[in-house]
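Enquirer: First the structure, which I've put down as structure tokens, then a few questions once you've had a look.
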Amino acid sequence: PGAANMTFVARTGNASGKRRIDLSVRPATPFMTQLSAGVLSKGDRELRIERQMYPHHRTLETGASMLPLQFAHGFVAYLSNYPYACTEQIVSMSMPAVLLTSRPEFGYVQSRDGADVASLLGELRSRQTETGAYKLWPGGDEVVEFVSLYAQQLLIEAGERGQAIPGDLVTNGNNYLREVAQRDGNNLTDERQSAYAIYLLTRQGQRMAAEVAAARKRLAERYKGQWEKDLTAAWLAASLDLMRQDRDAENLISATRFDATADELYNDPMTRDALLLFVISRHFPERLKSVPSEVFTTMAKRVTDGYYHSLSAGTTLLSLDAYAAATEGAARNLAIAEVLKDKKVRSLTLPEGLFPTVKFTDQATSLKFTNNTNLNAYYLIEQSGFDRKPPSQAIKQGLEVLREYTDASGKAVTSIKMGQQIDVHLKFRGLKEGGLSNIALVDLLPGGFELVVPTEGAATPFSEAAPSEGEEGGDGEDGYISWQCQVCVGNVNASLQYADMREDRVVFYASATGDVSEIVYRIKATNVGSFVTPPAYGEAMYDRSVVGRSASGKIEVSRP
């Protein structure tokens, strides 16, 4: 896999000509990062290694530490390979570069995708609206309140760590924060965002005592018995701590709970627990000794079960960095060995440092961890790369994805002539009650094919969320604007938010219901041969338990 050089030479008599081109060679499987993490009690523990991958672009790495920041290595790997690009996701991708480059064990993040903070700043500037909020998608108008606040926090974190952050970008963002901080929310979610905005402004030295008092009054009147355990109380407690109102701050933070209910899009349990741990670690470090051990056990289980996404990975990095800063100096007495195919055991040498990692070989069938202390330790295993065998079985975990190639009459085809165009029918439906939002559908083109983009404007408009007429900002739930899919053809029946056309694939962002939705686009055969048709893949960007994948197949391309 990678770039293959091809040289063509033509000769006639004494004359000759030569041309070189690069051809992209890639497997018929998507690049996947798989993380396993857990807690190591005293003694030994052995974990199997199952995946068989190409050596190219492969990463096999493990680590163990007495601090849970060990998990951060895995989140760095996941975010650096993240394939989508809404504002929340590009902000989360930059979290490792902003938070961890000062730590020797994480110096490598400077070479990962997302490490170019200057490029992120340029992208955020292009997405910032007149009100100071940030658009969710490039070229769109939709604004999500939480995402704008989250992006502003990244700028604050970067500035505190010595990054050069444009003053006007921060100032405009703060104008938006002030609007959110001062408004009268319609529900507890609104009040949580207001408290978040108050905290971010207080972090920058702005006086927010009146806003804190007004928020507490509204919460006590309208949400008594609910808000005290919510993240809303944590943000206000952190603000009071910064204002040196210690007694009120302690009263608020003492009532918060990690096991509180949280099931909203940007307030899922992992994200919510991460932000609470961030607040406690940064502003109330003396309370860390009373954080239940189940918090880190649950964190490890969520990593291993794939129950994380870009936002929860980014916010967990925030919390682990703050936790490590509050608990520097923990000792370690750990060992890792790989068990090979011939049953031999080979020790791996962990480097010095608080959060050491070490590579293991593709001959390992399992990894053996040893903890010789009476304290819990934490391990992480990362396996990233291209699997050798295309999947023969479909996956239906909350989402079903089907893909079919047809000719212009709608007849399914498995063989065509070079130069011929065929239609790709991408069908999908949600298998969970209530439907699914924020679905990413990735369809890799077969080798020897290229995407056909119609020269005329798209005929089918789609609904994209946007603020209602007369509103500024907002979460876009009440208004819609027209958006056109430039690559789609025919009668498309799908709720699309955005389409990303790339060299070897198309990525669609959509919502799914229990009914079958269909997207149709066109590809053209440019090479003769027998090609594997890679599986079409879909996942919910904010619910890692929802995954759908079609089976792979083959298509023949013959000479015309």
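Enquirer: Is one or more of the residues making up the stretch 223-234 in contact (Cβ under 8 Å) with a residue 24 or more places away in the chain, more than 31 Å from the chain's Cα centre (by Cα) and surrounded by fewer than 23 Cβ atoms within 10 Å (Cβ to Cβ)?
Expert: Yes: the stretch 223-234 contains one or more residues that are in contact (Cβ under 8 Å) with a residue 24 or more places away in the chain, more than 31 Å from the chain's Cα centre (by Cα) and surrounded by fewer than 23 Cβ atoms within 10 Å (Cβ to Cβ).
Enquirer: Taking S463 as the residue in question, decide whether it is modelled with pLDDT under 90, over 18 Å from D141 (Cα atoms) and hydroxyl-bearing (S, T, Y).
Expert: no
Enquirer: From the residues in the stretch 321-366 that are under 18 Å from E46 (Cβ atoms) and at pLDDT below 90, which one is surrounded by the most Cβ atoms within 10 Å (Cβ to Cβ)?
Expert: Ranking the qualifying residues of the stretch 321-366, first place goes to L334.
Enquirer: Which residues, counting only those in the stretch 404-419, are in a strand (DSSP E or B) and either in contact (Cβ under 8 Å) with a residue 60 or more places away in the chain or surrounded by fewer than 13 Cβ atoms within 10 Å (Cβ to Cβ) (or both)?
Expert: Those that are in a strand (DSSP E or B) and either in contact (Cβ under 8 Å) with a residue 60 or more places away in the chain or surrounded by fewer than 13 Cβ atoms within 10 Å (Cβ to Cβ) (or both): Y405, A412, S415, I416, K417.
Enquirer: Now a separate question. Just name the residue that is modelled with the lowest pLDDT out of those in the stretch 33-65 that are more than 24 Å from the chain's Cα centre (by Cα) and outside any loop (DSSP other than H, G, I, E, B).
Expert: S65
Enquirer: Take the residues of the stretch 139-165 that are open to solvent by less than 40 Å² (accessible area, probe 1.4 Å) and not in a helix (DSSP H, G or I): which is modelled with the lowest pLDDT?
Expert: G140
Enquirer: For L265, are the conditions met, namely being open to solvent by 40 Å² or more (accessible area, probe 1.4 Å) and hydrophobic (A, V, I, L, M, F, W, C)?
Expert: Considered against the rule, which asks whether it is open to solvent by 40 Å² or more (accessible area, probe 1.4 Å) and hydrophobic (A, V, I, L, M, F, W, C), L265 comes out as yes.
Enquirer: Considering every residue within the stretch 17-27, establish whether at least one is free of Cβ contacts under 8 Å to residues at least 60 places away in the same chain, open to solvent by 10 Å² or more (accessible area, probe 1.4 Å), over 26 Å from D504 (Cβ atoms) and in contact with a strand residue (DSSP E or B) (Cβ under 9 Å, 6 or more places away or on another chain).
Expert: yes
Enquirer: Still on this structure: Please pick out the residue among P30, P68 that is within 30 Å of L136 (Cα to Cα) and in a loop (DSSP other than H, G, I, E, B).
Expert: P30
Enquirer: How many of the residues in the stretch 372-403 are open to solvent by 30 Å² or more (accessible area, probe 1.4 Å), of a type outside the set (S, T, N, Q) and not in a loop (DSSP other than H, G, I, E, B)?
Expert: Going through the stretch 372-403 one residue at a time, the tally reaches 5.
Enquirer: Does I523 satisfy being of a type in the set (A, V, I, L, M, F, W, C), touching a residue at least 12 places away in the same chain (Cβ under 8 Å), open to solvent by less than 10 Å² (accessible area, probe 1.4 Å) and touching a Cys at 6+ places or on another chain (Cβ under 9 Å)?
Expert: When the stated conditions are applied, I523 does not pass them.
Enquirer: If S312 satisfies all but one of (1) assigned to a helix (DSSP H, G or I); (2) under 22 Å from E228 (Cα atoms), what's the number of the condition it fails?
Expert: All conditions pass for S312, except number (2).
Enquirer: Restrict the check to the stretch 79-90 and report whether at least one residue is under 16 Å from the mean Cα position of the chain (by Cα), part of a helix (DSSP H, G or I) and modelled with pLDDT under 85.
Expert: Checking the stretch 79-90: at least one residue is under 16 Å from the mean Cα position of the chain (by Cα), part of a helix (DSSP H, G or I) and modelled with pLDDT under 85.
Enquirer: Give the number of residues within the stretch 81-95 that are within 19 Å of G385 (Cα to Cα) and open to solvent by 10 Å² or more (accessible area, probe 1.4 Å).
Expert: 4
Enquirer: Restricting to the stretch 529-552, what's the tally of residues that are closer than 25 Å to V489 by Cα and open to solvent by 30 Å² or more (accessible area, probe 1.4 Å)?
Expert: Final tally of qualifying residues: 6.
Enquirer: Are any of the residues in the stretch 158-176 in contact with an Asp or Glu (Cβ under 7 Å, 6 or more places away or on another chain) and without any contact (Cβ under 8 Å) to a residue 40 or more places away in the chain?
Expert: Checking the stretch 158-176: not a single residue is in contact with an Asp or Glu (Cβ under 7 Å, 6 or more places away or on another chain) and without any contact (Cβ under 8 Å) to a residue 40 or more places away in the chain.
The values are calculated or read from the model by the stated rules, or taken from the named source; none is laboratory data. These figures come from a predicted structure and were not determined experimentally. FYI the Cβ positions are ideal-geometry reconstructions off the backbone, even for glycines, and counts take in every protein chain you see. Keep in mind that these areas ignore ligands, DNA and RNA; they rest on the heavy atoms of the full protein, side chains included. Shrake-Rupley method; radii C 1.70, N 1.55, O 1.52, S 1.80 Å.
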